[in-house]
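Structure first, commentary second.
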Amino acid sequence: MVTMSEKSVCAVGFCEGATVASLAQQDFCVDHFIELCYENLERMDPRGQKAGRIALEMPALRAFIEECSRRALEVAVRCDDLDNLQRGRLLDILLWAGELFLLLRAPRRVFAESIAPEHGATLARYAARHS
């Protein structure tokens, strides 16, 4: 098993946390990884969206959701020194990503129109890479 202290330092600004996962080609400590996943899953989830959304390509959405869930599972299984809150949040990310996979089966226009225009750099990278 891997502990968080065996990795390099997180890519986020003055964070000195050990890297546990990479997402969108950047390395993150467990807390920043969880924060980034939550932030982007929330932006993708059409159930809480308001008007004024932009469309992203389905391959980009699927790629992010798949990578996010795969990395969350890897972190949960590999890291020995996670606390219960971190483990719970990783499980929540896995469940949320699973729900979004089901929503991707909805008509394309409905789901794509629900994405926030301020989707952020991470989703923009996926959109560029998978469109």
Could you work out how far apart the two model spin labels at Arg47 and Phe101 are, taking each label as a point 7 Å from the Cα in the direction of the beta carbon, and quote it in nm? 1.6 nm
How far apart, in nm, are two points set 7 Å out from the Cα along the Cα-to-Cβ line at Glu74 and at Ala11? 1.3 nm
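Every number here is computed from the coordinates shown, using simple stated rules; none is lab data. The structure presented is a predicted model; accordingly, all values stated were derived computationally and were not measured. For neighbour counting, all protein chains shown are included, and Cβ atoms are generated from backbone atoms with ideal geometry for every residue, glycine included.
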